[in-house]
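The structure under discussion appears below in the form of structure tokens.
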């Protein structure tokens, strides 16, 4: 069976839209789950051990940095996705422009999925929260709340490299400085 390039691109666009919709649904669902209080205590790893915070509600708004960052990132992506969808569906645009928009939709979906996977892998190592940023040039930045040892940074780089496909040398780990610092 021979599939024409036109049909392949149409299938790719439809697949991209489906994947993006699924990712947005998962993100919204995970944000809703993370907002729900699970107990009165929170465990926050530090570079030298673990801090136990007695009351989650006592954490000030500065501690919501990562959640707010992810929400803002998703809003910007949603606008970009809508613009790309409009371009891809605009029959007055030339074919090359529509095809490029479809490919960018697929790239956005892949990048979003890799960022979520990398964040999950970092959290599975015991970190309270983080944010992973993948650029189109395939460099990756990991923002974490607390300082980590060189050994922990290498473990984090390996995990992020596995999740994103980025080379370990292209992964930067930075500590986010809060207002309190």
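Values quoted throughout were computed directly from the atomic coordinates according to the rules given, and no laboratory measurement underlies them. Fair warning: this is a prediction, and the values are worked out from it, not measured in the lab. Methodologically, a virtual Cβ is constructed for each residue, glycine included, from the backbone with ideal geometry; neighbour enumeration extends over all protein chains shown.
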Open item on the list: Sort 165-175, 102-112 by the packing proxy (mean of other Cβ within 10 Å over each peptide's residues), most packed first.
Closed with: 102-112, 165-175
Task: Length added when fully stretched, residue 97-residue 175, from 0.36 nm per residue minus Cα-Cα - done: 24.1 nm
Open item on the list: For the ranges 89-99, 73-83, what's the packing order if you count other beta-carbon atoms within 10 Å of each residue, average per peptide, and put the highest first?
Closed with: 73-83, 89-99
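Could you give the length gained by full extension between residue 79 and residue 133, i.e. 0.36 nm per residue of separation minus their alpha carbon distance, to one decimal place? Intermediate values should be presented prior to the final figure.
On the way: separation 54, 0.36 × 54 = 19.44 nm, distance 1.76 nm.
Net length gain for the segment: 17.7 nm.
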